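Shown next, in structure tokens, is the structure this report addresses.
Rule-based calculations on the coordinates, nothing more; no lab input. What you see is a predicted model; the values in this text were computed from it and never measured. Because the Cβ atoms are built from the backbone with ideal geometry, glycine has one as well, and the counts that use them run over all protein chains shown.
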Amino acid sequence: MCIFAGSVHDVSSTAIFARGIGNSRQVLVYSMALTASTDVAMVLPLPVPSGSAEEAVRFIDLSVYPKFFGDLDRAFPGKKDISSRGGVASELGNATAACCSRSGFL
């Protein structure tokens, strides 16, 4: 769950992908649609082992891959769509950031 430093009108289409990739590392991709009348900062808590250095988390801009979640969805044909209950929609895009921890799981 994220927190916003400022007022937002709407947050929707949230999608999260997390996967361990070995060597105590994890990849996290987070996507959402946001409506706000002014710029706001989003705070997304990332659990890392106590005492981790700033370099423990690396951010990667995935705006060049807006269909990340759509492609991921196609990798699992026949899965149940839970969007009618407020979950992840089947054709999400706009993946904007990924994090990769070097010193433990996020």
**Asked** Any idea which of (1) in a loop (DSSP other than H, G, I, E, B); (2) surrounded by 10 or more Cβ atoms within 10 Å (Cβ to Cβ) is the one VAL64 doesn't satisfy?
**Response** (2)
**Request:** Take the residues in segment 51-76 that are aliphatic (A, V, I, L, M) and within 12 Å of the chain's Cα centre (by Cα), then tell me which one is farthest from ALA15 (Cα to Cα).
**Result:** ILE60
**Message:** Which residue is surrounded by the most Cβ atoms within 10 Å (Cβ to Cβ), if the candidates are limited to segment 5-58 and must be at positive phi and part of a strand (DSSP E or B)?
**Reply:** SER13
